[in-house]
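Inspection log for the structure reproduced underneath, given as structure tokens.
Nothing in this text is a laboratory measurement; each read-out follows from the coordinates by a stated rule. Here the structure is a predicted model, which is why all the values come from computation and not from measurement. Note that each Cβ is placed from the backbone with ideal geometry, even for glycine, and that neighbours are counted across all protein chains shown.
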């Protein structure tokens, strides 16, 4: 990662190696991404221990030094995403206040921020447990802390990418990772299950907020926003469907999977099932709702 941590790329294991590519949105179980000019942004790493949730991790059979190093890097990656999610929710809270949102959405957003702090500490703790090196986040770049746009279209687009699609997929990927790890790495599976449950609640918050926004304003404004939201949702779903996982010829990713790290083929399968069984029905239900104003 570049010094300063301004831009984070999507990383995954391919044939036992850590491979990074520019993201469209976060492609792993990392929660709500912090986007700056369309790029996922995270803080740089610093030696520190106050962000660690102390975990006495029993290394399961088959987790050799190479696998442990890969898993430590993975959990540091997740930890930085989760830490950045705190700022993403803070930005969203400001946007909700600009829109005059009801208290229920603000309470849920505040709870989500607190959840992300816990997730980051758990992930930093797992990274340290695999590597014995204590690291935590440095300062986020100033641009990442700027207030979010007050434009309703911009808010709707970000909400769809970051929450409705991104967090739904991330939650279901985390749940699948927990299932894969439960036999050989039960402590890791417990962390992933906690993250999955929280992220599903955060995704529900995104859908609830989107529904509320689409019910505001006069009839023309509501109709325009609903058309725009429908386009954004279907474009985002099409991008996931068109993604082709890279080939992975060795058994290495399968070994890492039992420690909580999904390979790209499994991620792709989870995403596609999530779109068909969760996201698409939710889109249909949301767009079928009456568009009359609601408090």
The stretch 162-211 and the stretch 128-144: distance between their alpha carbon centers, rounded to Å: 22 Å
Spin-label point model (7 Å from Cα, Cβ direction): what's the residue 223 to residue 277 distance in nm? 3.8 nm
May I have the extent of the alpha carbons of the stretch 10-287 along their three principal axes, as whole Å values ordered from largest to smallest? 61, 38, 28
Using 0.36 nm times the number of residues separating residue 179 and residue 201, minus their current alpha carbon distance, what extension gain do you get? 6.0 nm
Simple label model, 7 Å out from Cα along Cβ direction - residue 104 to residue 146, nm: 3.4 nm
Give me the number: length gained by fully extending residue 50 to residue 235, i.e. 0.36 nm times residue separation minus the C-alpha to C-alpha distance, one decimal in nm. 62.5 nm
